[in-house]
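Shown below is the structure under consideration.
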Amino acid sequence: MPSQRFAAPSEVPGLSARRIAADILDGVLHRHRTLDDQLDGAGAHPGLKILADRVRALMRRLVATILRRLGTLGHLLSRLLDRGIPTDAPRAQSALLIGAAQILWMDVPDHAAVDLAVRLVQADRRAAKYAGLVNAVLRRCAREGKAIVEEVSTQTLDVPPWLLSRWIAHYGEATAREIALALAHEPSLDLSVKSEPAHWASRLHGEVLPTGTVRTLLHGPITTLPGFVEGQWWVQDAAAALPARLFGEVAGKQIADLCAAPGGKTAQLALAGANVTAVDRSPARMARVRDNLARLGLAAEAVVADAVEWPGPAQGFDGILVDAPCSSTGTIRRHPDVAWLRQESDIAPLATLQGRLLHKALSLLKPGGTLVYCTCSLEPEEGEQAISTLLSTERALRRVPIDASEVAGLSEVITAEGDLRTLPCHLPHRDPRLGGLDGFFASRLIKS
């Protein structure tokens, strides 16, 4: 963790939050640490403890905005800097990104954004010599930045070229651009509710999606929202809530949820009356699953194990959900760091692991049982190709096509083969913040 000092009572208001934002941004861009690791849990930045909830939320939004618009910011700064962004002082780079993002997309007065960025570099030994540069560039950004951004088709700048090329090849250029445009917007908060979605939409100032998910623009600490303590809902993207529905009636059935954390699908299955065995290899992540189930008043057997090595019960399962580890490129709208942390070379080893998980699940499935495979990836190797490969080698499996009626009539999310494929540009809304879905793939298979 960077050895930055934290806010003293006399410190300029807002400087501590920007310093922590710079540390976290540096963690993503230079040390390849995920946002989740730096914001929550044992590895969280220690400075977060001193921030008020409102300031912490602002800091998170600032970092996410920078990562969501990183390509656009790079283009802008290259236009405003004669010699490029300084490479010998990461804090100068962070200060420029933080200042420009606030000027362009956040409700921060330009003079405050410039002043805080300058103070940020002045406090860093290596970056202090760039204080004048940062001041001049950000003042120019305040004057010219918006016009420069409007000159270019920025949505494609904010997706790494290797990823955009893949999407164009698989989905076509028009759809790839729509996906990229959807990723530019800060997403809503999606909640799966135990009952009465209309009631909770009203309480949470949101709306009910066709799928039954409650979508709201409320931000801030989740634990303070109505219904959280009472266990009336859990956080789950509307697309992530679809795969568990593909089992149909599960009351009384034995269902395994492999790679179960964070536990949203386990909760869905338990709420529907299934006897769920949740398996995950991480003790810490499984502890969170247990905590969430306890809050929700739901029960499941929790097993800490590597699903590929887990022997499972001798009698097998009526249904198995494989929510496989993947590149997570479908979640970039919620986790913008994924775009800059993942590499194309990550996909092949993940696809190999997904294949091993599928074969393991097949060995644990009773004859006549249902296997639902899903990933939060937009990459075909982790979705369509994984299933076609499996079906070509496992004659005991057959695909059961998904009907639009099973997913609230959303026919656009059903592929020609009958699988589920949601895209970030699906479910459009007049307010872009209330539209969109995570990118998910799911397929339903029956063992003969």
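Yes/no per residue for (1) among the β-branched types (Val, Ile, Thr); (2) out of contact with any strand residue (DSSP E or B) (no Cβ under 9 Å at 6 or more places or on another chain); (3) surrounded by 22 or more Cβ atoms within 10 Å (Cβ to Cβ); (4) outside the structural domain of LEU35 (by TED's automatic domain parsing):
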{"position": "LEU76", "(1), (2), (3), (4)": "no, yes, yes, no"}
{"position": "ILE85", "(1), (2), (3), (4)": "yes, yes, no, no"}
{"position": "SER94", "(1), (2), (3), (4)": "no, yes, yes, no"}
{"position": "ALA112", "(1), (2), (3), (4)": "no, yes, no, no"}
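Give me a count of the residues in the stretch 287-340 that are touching a Cys at 6+ places or on another chain (Cβ under 7 Å) and closer than 30 Å to ALA184 by Cβ.
Total meeting the criteria: 7.
If you don't mind, there's one more thing I want to ask. Please give the helices (runs of 4 or more DSSP H) falling wholly within the stretch 65-174 in which 1 or more residues are charged (D, E, K, R).
Details: elements: 70-80, 90-105, 110-122, 131-151, 154-157, 161-171.
Those helices (runs of 4 or more DSSP H) span 70-80, 90-105, 110-122, 131-151, 161-171.
Now for a different question. Given the conditions (1) over 28 Å from LYS253 (Cβ atoms); (2) of a type in the set (A, V, I, L, M); (3) part of a loop (DSSP other than H, G, I, E, B), report the number of the one that LEU350 does not fulfil.
Of everything listed in (1) over 28 Å from LYS253 (Cβ atoms); (2) of a type in the set (A, V, I, L, M); (3) part of a loop (DSSP other than H, G, I, E, B), LEU350 misses just condition (3).
For the subset of the stretch 260-318 comprising residues that are assigned to a helix (DSSP H, G or I) and among the charged types (D, E, K, R), which member is farthest from LEU362 (Cα to Cα)?
Filtering the stretch 260-318 for residues that are assigned to a helix (DSSP H, G or I) and among the charged types (D, E, K, R), the one farthest from LEU362 (Cα to Cα) comes out as ARG295.
Continuing with the same structure: Do any strands (runs of 3 or more DSSP E) lying entirely in the stretch 373-448 carry at least 2 residues that are of a type in the set (Lys, Arg), and which ones are they? I'd like the intermediate steps shown before the answer.
On the way: elements: 397-399, 420-422, 440-447.
Those strands (runs of 3 or more DSSP E) span 397-399, 440-447.
Right, another one. Of all residues in the stretch 265-297, which are in contact (Cβ under 8 Å) with a residue 60 or more places away in the chain and surrounded by fewer than 22 Cβ atoms within 10 Å (Cβ to Cβ)?
Matches in the stretch 265-297: LEU271, ALA284, ARG295, LEU296, GLY297.
Give all pairs with beta carbons closer than 7 Å in which a residue from the stretch 24-40 that is closer than 10 Å to VAL63 by Cβ meets a residue that is modelled with pLDDT of 95 or more and of a type in the set (Phe, Trp, Tyr); count only pairs at least 6 apart in sequence or on separate chains.
VAL28/TRP340
Which of the following residues is closer than 27 Å to PRO349 by Cα and of a type in the set (A, V, I, L, M): LEU410, LEU378, LEU434? Don't jump to the end; show me each part of the working.
Values: LEU410 fails: closer than 27 Å to PRO349 by Cα; LEU434 fails: closer than 27 Å to PRO349 by Cα.
Exactly one of LEU410, LEU378, LEU434 is closer than 27 Å to PRO349 by Cα and of a type in the set (A, V, I, L, M), namely LEU378.
The values are calculated or read from the model by the stated rules, or taken from the named source; none is laboratory data. It should be emphasised that the depicted structure is a prediction, and the values quoted were computed from it without experimental measurement. Neighbour counts run over all protein chains shown; Cβ positions are idealised from the backbone, glycine included.
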